[in-house]
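For reference, the structure is listed below as structure tokens.
The values are calculated or read from the model by the stated rules, or taken from the named source; none is laboratory data. It should be emphasised that the depicted structure is a prediction, and the values quoted were computed from it without experimental measurement. Because the Cβ atoms are built from the backbone with ideal geometry, glycine has one as well, and the counts that use them run over all protein chains shown. For accessibility, only protein heavy atoms count, side chains too; no ligands or nucleic acids. Shrake-Rupley method; radii C 1.70, N 1.55, O 1.52, S 1.80 Å.
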Amino acid sequence: MEMAMDRRQFLATGGAAFAATHIAQAGASSQAATVDRAALRRIGAAPVLRRDLLADAAIVQSVDLLRIGKQWALRVRDDQGGEGVALCNPSRIRSVWPILLDRVVPTFVGKDARDLHSLQDAMMLRQLNYKWAGLPFWVCAAWMELALLDLLGRRSGRSVAELVGPVVRRDVGLYHASGDRTSSAEAVVDELRGFMAETGTRAVKFRLGARLSTTPFSDARDARLIPLARKALGDDAILYADANSSYELPQAIATGRLLQAHGYAAYEEPVAFDDMDEMKAVADALTIPLGGGEQESSLRRFEAMIARRVVDIVQPDILYFGGLTRAIRVARMAQAAGLNAAPHISGGGLGFLYMLQFAAVVPNTTDYQEYKGADAAPYVVAGTDRPLTPVGGRFAIPQGPGLGIRLDPDWLARGEKVTL
Ligand SMILES: [Mg+2]
């Protein structure tokens, strides 16, 4: 396998190199340098929405939460007949929909959608919403934002990516993640092989540990699976491993060394996700790039993680973290520090589609983005008659106005309005 890059080169060259190269074991230790927090804060606070591209006001007239079977959609309409729709993650919305309707939607009704950022600020103060920060609040803010961006894009004839751009790429690779923690190492490798055959990708991820803990079974499985996946899938495979905060520090480092020895490309959440000091200790002990941040809900804590180089790849979830523009703020801070930003993708609700708009405009994202399989919602990519389908392990990023898709209008019309 290739042993071409060390951590420093990786950080200097960013995403393109990540795509091309295994990040393999190497001699260099991580850089101690930190990035100026004040500079990061300025970068993170800069506007993301390109208001200069939006000539016409779009006054939000109605925001409707629609339930269609197991799916939920948030539909925004403006005073000029414009419409935007975001699909909600079914497993989240059914728990949090009152937060969406009570705490998020009211800030935006009657307001110009082009004022997205000042409205997002106002939303934090309304009803003291900042005290509610965390996945249940931010995922609601994300659906609202995505529906508004879709509306603004469709009104202006521009893709969402153009509105938060400039656009830097038109297609992106995928990696497929196995969620399995109970099967044998051999069964997981078979599953990964199946993903590769199905999508044409070379990049896959699997789970280590037992999620927030280990067991004798998980320890034995980790020790077998790490070398087996490399041997069975070949030196060309790009392999990621995700421990979901399973390990204490010594085991996290030992497991990281095993991953390095087998040329793994990234190691996600080795220790407690909310312990920056431990994560940093793992980072300093290893050369393999560390990923983390899928649980994070604070822009300020991402700023701290980036300044301290706690991880090499920051992973805000576009939905759980509060939306596309907020995730782009994290990516911009990471770029200033020479780090990568590769979002965590929540399953269902077209999360992968929203990620494509992110990848379109973020120069320092990785070439392989998490993909959890096709969504159940009936939609087609605008200008085609089919949903997103990978070709040779890659997705063409939809270029049409807004989010670049069309949900089946008959299906959407069947939606029952949900009210408080
Ligand atoms: Mg993860």
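If I filter the range 135-145 for residues that are closer than 21 Å to L350 by Cβ, open to solvent by 50 Å² or more (accessible area, probe 1.4 Å) and touching a residue at least 60 places away in the same chain (Cβ under 8 Å), do I get at least one hit?
As a first pass, look at the range 135-145 and keep what is closer than 21 Å to L350 by Cβ: 135-145.
Still in the running and open to solvent by 50 Å² or more (accessible area, probe 1.4 Å): 135-136.
Restricting the remaining residues to those that are touching a residue at least 60 places away in the same chain (Cβ under 8 Å) gives 135.
Checked against the condition, which is being closer than 21 Å to L350 by Cβ, open to solvent by 50 Å² or more (accessible area, probe 1.4 Å) and touching a residue at least 60 places away in the same chain (Cβ under 8 Å), the range 135-145 yields at least one hit.
Taking into account only those residues within the range 309-327 that are surrounded by fewer than 24 Cβ atoms within 10 Å (Cβ to Cβ) and not in a loop (DSSP other than H, G, I, E, B), which is nearest to the ligand (Cβ to nearest atom)?
R326
Of the residues L119, L66, L125, only one is open to solvent by 10 Å² or more (accessible area, probe 1.4 Å) and touching a residue at least 12 places away in the same chain (Cβ under 8 Å); which? If you could, list the steps in order and put the result at the bottom.
On the way: L66 fails: open to solvent by 10 Å² or more (accessible area, probe 1.4 Å); L125 fails: touching a residue at least 12 places away in the same chain (Cβ under 8 Å).
Matching residue, one of L119, L66, L125: L119.
So, in the range 368-381, of the ones that are part of a loop (DSSP other than H, G, I, E, B) and open to solvent by 30 Å² or more (accessible area, probe 1.4 Å), which residue ends up farthest from the ligand (Cβ to nearest atom)? Outline the logic, then answer.
First, pick out the residues of the range 368-381 that are part of a loop (DSSP other than H, G, I, E, B): 372-378.
Checking the rest, the ones that are also open to solvent by 30 Å² or more (accessible area, probe 1.4 Å) come to 372, 374-376, 378.
Values: K372: 11, A374: 20, D375: 19, A376: 22, P378: 29 Å.
Once the filter is applied, the top-ranked residue is P378.
Which of the residues spanning the range 263-305 are away from the ligand (no atom under 15 Å from the Cβ), of a type in the set (D, E, K, R) and either within 17 Å of A331 (Cβ to Cβ) or touching a His at 6+ places or on another chain (Cβ under 8 Å) (or both)?
If the condition is that a residue be away from the ligand (no atom under 15 Å from the Cβ), of a type in the set (D, E, K, R) and either within 17 Å of A331 (Cβ to Cβ) or touching a His at 6+ places or on another chain (Cβ under 8 Å) (or both), then R300, R301, E303 are the ones that fit.
Taking A45 as the residue in question, decide whether it is hydrophobic (A, V, I, L, M, F, W, C), free of Cβ contacts under 8 Å to residues at least 60 places away in the same chain and open to solvent by 30 Å² or more (accessible area, probe 1.4 Å).
For A45, the condition - hydrophobic (A, V, I, L, M, F, W, C), free of Cβ contacts under 8 Å to residues at least 60 places away in the same chain and open to solvent by 30 Å² or more (accessible area, probe 1.4 Å) - is not met.
Among the residues in the range 183-202, are any farther than 30 Å from G256 by Cα and open to solvent by 30 Å² or more (accessible area, probe 1.4 Å)?
No, because not a single residue in the range 183-202 is farther than 30 Å from G256 by Cα and open to solvent by 30 Å² or more (accessible area, probe 1.4 Å).
Quickly run through the range 382-399 and pick out the residues that are surrounded by 14 or more Cβ atoms within 10 Å (Cβ to Cβ), outside any strand (DSSP E or B) and under 21 Å from the mean Cα position of the chain (by Cα).
Selection gives P387, L388, P390, G393, I397, P398, Q399.
State which residue is farthest from L74 (Cα to Cα) when the search covers only the range 332-361 and only residues that are away from the ligand (no atom under 14 Å from the Cβ) and open to solvent by 10 Å² or more (accessible area, probe 1.4 Å).
So the residue we want is G338.
Look through the range 231-261, keep the residues that are within 16 Å of F206 (Cβ to Cβ) and touching a residue at least 40 places away in the same chain (Cβ under 8 Å), and return whichever of them is farthest from the ligand (Cβ to nearest atom).
So, considering only residues that are within 16 Å of F206 (Cβ to Cβ) and touching a residue at least 40 places away in the same chain (Cβ under 8 Å), the one farthest from the ligand (Cβ to nearest atom) is A232.
Output the number of the condition that R193 fails; it satisfies all remaining conditions of (1) part of a helix (DSSP H, G or I); (2) closer than 25 Å to D312 by Cα; (3) not hydroxyl-bearing (S, T, Y).
So the condition that R193 fails would be (2).
Give the number of residues within the range 215-260 that are open to solvent by 50 Å² or more (accessible area, probe 1.4 Å) and over 27 Å from E296 (Cβ atoms).
9
Give the residues of the range 254-287 that are touching a Lys or Arg at 6+ places or on another chain (Cβ under 9 Å) and polar (S, T, N, Q), sorted by residue number.
T287
Test P401 against the stated conditions and say whether it is farther than 30 Å from D180 by Cβ and in contact (Cβ under 8 Å) with a residue 24 or more places away in the chain. Full working, then the answer.
Working: farther than 30 Å from D180 by Cβ: yes; in contact (Cβ under 8 Å) with a residue 24 or more places away in the chain: yes.
Yes: the conditions hold for P401.
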